[in-house]
Amino acid sequence: MPCIRIIEVLPTPDDLFRAAAEEFVRAGRAAIAEQGRFTVALSGGSTPRSLYFLLAKDHADFPWSQTFLFFGDERHVPPDHPESNYRMVKESLLTKVPIPTGNVFRVQAEMPDPVAAAADYEKQLRRFFELRPNEFPSFDLILLGLGADGHTASLFPGSDGLKEQSRLVIANWVDKFKAHRLTFTFPVLNNAKDVMFLVSGEGKSEMASLILEGKNTPPFPAQQIDPKNRLAWMLDKAAAARLSN
Ligand code: 6PG
């Protein structure tokens, strides 16, 4: 069954993050009601920080003890590094909500060998989801951002990671950063029940219109996200400025 695709445009960034927080809470409460737990992979970068702050501020009563947090991608840096996605999530959310430490699955990105770090995270996923050898986890929700170049998670245009179809987590060499990024692969992203993209600001408007209305070959990585149930694109007005309707 094709997944439901939704595009929601909110007037301001504050409206966007409030709507995203409500969507997160809706998905979480539904998953917990149905199966007793909520598995979610968070996105990194700067956009989602405001969402995480809002979740902590307005939704501290959310059933955090039944919520299990993972990271859709991570930079190859230690957890206290300014560029660490874990550090950003810890400062904006984890230190402010009563989530048990055992419910947070951090990428061991301080490991010197990025391939070993990716393999370690894959092992954590396999163990938690009790996966059989060729099975992929199905997260209840994966949050994603959009890069101005059309990347999502750390699947960048032209990178080898776009081709990965069997591993869950890889160390993807990103030429423009001359660094590896640790990232979920497309099979994991597309095996999620729900995916929510959060896009804010005029700087993303051109790419947002290419992704949502363009016919690009090859498609941009963010255009190849096709989860099982629901794909929600949530943009503020500035990011949606170049959409035709
Ligand atoms: C990361 C993210 C990445 C991000 C986009 C958008 O680790 O940086 O996972 O995919 O979502 O690059 O980043 P901004 O929100 O900072 O624009």
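The values are calculated or read from the model by the stated rules, or taken from the named source; none is laboratory data. Keep in mind that this is a model prediction, so the values were computed, not measured. Note that each Cβ is placed from the backbone with ideal geometry, even for glycine, and that neighbours are counted across all protein chains shown. When the accessible area is computed, the model is the full protein with side chains, heavy atoms only, and any ligands, DNA or RNA have been set aside. Shrake-Rupley method; radii C 1.70, N 1.55, O 1.52, S 1.80 Å.
You can think of it this way: the chain between D80 and Q165 has 27.5 nm of extra reach, that is 0.36 nm per residue less the Cα-Cα gap. Contact order for the stretch 151-217, expressed relative to its length and based on alpha carbon pairs under 8 Å spaced 6+ residues apart, stands at 23 percent. Over the C-alpha trace of the stretch 4-236, radius of gyration and Dmax come out as 16.4, 45 angstrom. Put a plus charge on the Cβ of each Lys and Arg, a minus charge on the Cβ of each Asp and Glu, and nothing anywhere else: the dipole of the chain about its Cα centre is then about 260 debye.
Once the C-beta distance of K178 and V115 is scaled by a Förster radius of 22 Å, the resulting FRET efficiency is 0.85 to the nearest 0.05.
Given axes a ≥ b ≥ c from the Cα gyration tensor, I'd like to know whether the stretch 9-62 is rounded (a/c under 1.5), prolate (a/b larger than b/c) or oblate. Because a/c hits 1.5 or more and a/b exceeds b/c, the stretch 9-62 counts as prolate. FRET efficiency for the I4 to Q108 pair, using the beta carbon distance and R₀ = 45 Å, is estimated at 0.80.
What is the calculated FRET efficiency for T217 to L131, with r their C-beta to C-beta distance and R₀ = 35 Å, to the nearest 0.05?
Working: r = 33 Å, r/R0 = 0.95.
About 0.55, to the nearest 0.05.
Semi-axis lengths, largest first, of the ellipsoid equivalent to the stretch 144-243 are 22, 16, 11 Å, with √(5λ) applied to each eigenvalue of the Cα gyration tensor. Between Q224 and L243, how many nm apart are label points set 7 Å from Cα along the C-beta direction? Taking the two extended label points, one gets 2.4 nm.
Just to be sure I understand: of the beta bridges DSSP finds with both ends in the chain, what percent are antiparallel, rounded to 5?
Rounded to the nearest five, the antiparallel share is 30 percent.
In the chain, what percent of the accessible surface is made up of carbon and sulfur (1.4 Å probe, ligands and nucleic acids excluded)?
Details: 5840 of 11100 Å².
Result for the chain: 53 percent of the exposed heavy-atom area is carbon or sulfur.
Annotation for H59 and R37: the two label points, set 7 Å from Cα along the Cα-Cβ direction, are 1.9 nm apart.
Return the loop-located GluC sites (Glu not before Pro) in the stretch 116-156 (DSSP other than H, G, I, E, B) with at most 15 other Cβ atoms within 10 Å of their own Cβ; answer none if there are none. Display every interim value, and only then the final one.
Working: sites: E122, E130, E135; in loops: E130, E135.
Qualifying residues, ordered by number: E130, E135.
If you rank F128, F139 by how much accessible surface each has, with a 1.4 Å probe, what is the order from largest down?
On the way: F128 40, F139 0 Å².
Sorted descending by solvent-accessible area, the residues read F128, F139.
Among the protein heavy atoms, those of L182 account for about 0 Å² of accessible surface (1.4 Å probe, every chain in place). Only protein heavy atoms count here; on that basis, with a 1.4 Å probe, H76 has an accessible area of about 60 Å².
Taking all protein chains as they are arranged and a probe of 1.4 Å, the heavy atoms of R5 leave approximately 140 Å² accessible to solvent.
Residue ranking by accessible heavy-atom surface, 1.4 Å probe, largest first, among K57, K204, K176, K228 comes out as K57, K176, K228, K204.
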